[in-house]
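Report on the structure given below.
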Amino acid sequence: MSTIDHYIQAILIEAGAEAREEGAALIEAHHLLLALAAHEGTAAQRVLTAAGLGPRAVRDALDREFEHSLSAAGVSLAAFDLPRATPDPKDTPKIGASARLALERGFGAAKGKRDLRPAHLLLGVLDTEIGTVPRALALAGVDRAELMARVRDTLPGEAW
């Protein structure tokens, strides 16, 4: 297996752990973002950290997005004492539509598998106008287009 194959496998395992932890049956794009932010040693992680989006900040932004989405539907999270999800250790989340599209966009941003880098995967996650990720980034005050430009700037020099 190539280096990028190992990396993708590690990201999917971490994203699956994130999904399982929140009781989700599917791995979605925001789980990929959490995994990318947590996987040290890549340009993707360094760009996210430089933008103030380390793993804790990404989680906080996603939590704010969840609360904001509920309030848009007239539900106050503070009004309920919701228990934390109980992860099923035997459950293996499958890849959901937003994660699949993010991976496809990331792969498509590369010139081929030999060109594929972690930053391409981050671009795939960021390159959407709708969904949890862009809403969470907007609520965190992150300019998604600027962040994508920073990611693209790392690609020519990104090496393992």
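The values are calculated or read from the model by the stated rules, or taken from the named source; none is laboratory data. Everything quoted here is computed from the prediction, not taken from an experiment. A quick note on method: Cβ atoms are made from the backbone with ideal geometry, for glycine too, and the neighbour counts reach across all protein chains shown.
Some values worked out for this structure:
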| read-out | value |
| --- | --- |
| Pair list, Cβ under 8 Å, 6 or more apart: the stretch 71-84 residue farther than 20 Å from Glu21 by Cβ, other residue at pLDDT 75 or above and part of a helix (DSSP H, G or I) | Ser76/Leu70 |
| The stretch 78-109, subset among the hydrophobic types (A, V, I, L, M, F, W, C) and part of a loop (DSSP other than H, G, I, E, B), residue surrounded by the most Cβ atoms within 10 Å (Cβ to Cβ) | Ala85 |
| Selected residue (only one of Glu28, Glu40, Glu14 is out of contact with any strand residue (DSSP E or B) (no Cβ under 8 Å at 6 or more places or on another chain), of a type in the set (D, E, K, R) and exposed (fewer than 12 other Cβ atoms within 10 Å of the Cβ)) | Glu40 |
| Residue that is surrounded by 17 or more Cβ atoms within 10 Å (Cβ to Cβ) and of a type in the set (Gly, Ala, Ser), where the choices are Gly131, Gly141, Gly112 | Gly131 |
| Long-range neighbours under 9 Å by Cβ, at least six apart or interchain, first residue in a helix (DSSP H, G or I) within the stretch 141-160, second surrounded by 12 or more Cβ atoms within 10 Å (Cβ to Cβ) and among the basic types (Lys, Arg) | Thr154/Arg46; Thr154/Arg117; Leu155/Arg117 |
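Matching residues to (1) within 11 Å of the chain's Cα centre (by Cα); (2) surrounded by fewer than 21 Cβ atoms within 10 Å (Cβ to Cβ); (3) of a type in the set (Gly, Ala, Ser):
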{"site": "Met1", "(1), (2), (3)": "no, yes, no"}
{"site": "Ile8", "(1), (2), (3)": "no, yes, no"}
{"site": "Leu32", "(1), (2), (3)": "yes, no, no"}
{"site": "Leu36", "(1), (2), (3)": "yes, no, no"}
{"site": "Pro55", "(1), (2), (3)": "yes, yes, no"}
{"site": "Ser69", "(1), (2), (3)": "no, yes, yes"}
{"site": "Ala72", "(1), (2), (3)": "no, yes, yes"}
